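Since the structure comes first, as structure tokens, the remarks are kept for the end.
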Amino acid sequence: MNVGRAWVALGAALWCACATSCDSGTQYSMGDTDEGSYRTSCANGRCREEVTAPTAARPSPPCAPGERAGFALAGAHIVSACHVCFASDGRVSRHDLSRCRAVTCQHARDCPPWHHGNAVECREGLCVEKSSAPSERPLDRVSAAALCMAGAGPSSAERVSLAQDRLSFAQRACDAQGRCAQPAGCRAAPR
């Protein structure tokens with residue numbers, strides 16, 4: 001009897017260890033404004049910031065020694081997928097703004113359910129944080145860039161002058177603190 005209980009206890013302990021260290025969340029697939037595709041997992045009101053994609057991440061300039069290239073969900077208000085550099089501690093050290101694209105949707109199920117712990121909805125074809133309109137809080141650099149990069153081509157493509165031109169619209173819309181208005185000449189932020 002004691003041996004049986006020991007095996008049950010050991011099995012429960014192993015299951016708990018795996019549940020906290022394994023990626024046991026629900027998987028979500030999503031696409032961006034320029035045909036990119038990504039996957040993330042979500043559980044307990046949070047989605048992983050780091051996402052996977054079928055293409056290689058290529059932030060420019062390249063990541064510094066000790067960093068690694070990857071993809072992350074970023075942006076305030078507008079859920080965006082960006083090529084990024086991750087520091088050794090796993091945090092994003094740099095976003096390549098010219099390679100950020102807004103995540104698109106036709107229905108709420110096309111969006112990850114949470115972004116930075118906030119509920120997400122599908123509004124005007126883009127995944128956005130619920131009850132968060134630009135008039136309630138300004139866009140950030142990532143969201144402004146993602147709006148301007150819509151239609152510039154896949155984020156995995158080689159750079160073209162069009163990307164830098166579009167990015168300049170986003171940069172002009174932002175102040176020194178990184179608060180951004182709706183960039184002129186770019187896709188409109190959902191209201």
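Both radii are taken from the alpha-carbon atoms of the range 41-115; with Rh as the Kirkwood radius, Rg/Rh is 0.98.
The alpha carbon convex hull volume per residue for the range 52-168 rounds to 112 Å³. As a fraction of the 1.4 Å probe accessible area of the range 42-191, surface on carbon and sulfur atoms comes out at 51 percent.
The values are calculated or read from the model by the stated rules, or taken from the named source; none is laboratory data. Since this is a predicted model, take the numbers as computed values, not measurements. The area values use the complete protein model at the heavy-atom level, side chains included, leaving out ligands, DNA and RNA. Shrake-Rupley method; radii C 1.70, N 1.55, O 1.52, S 1.80 Å.
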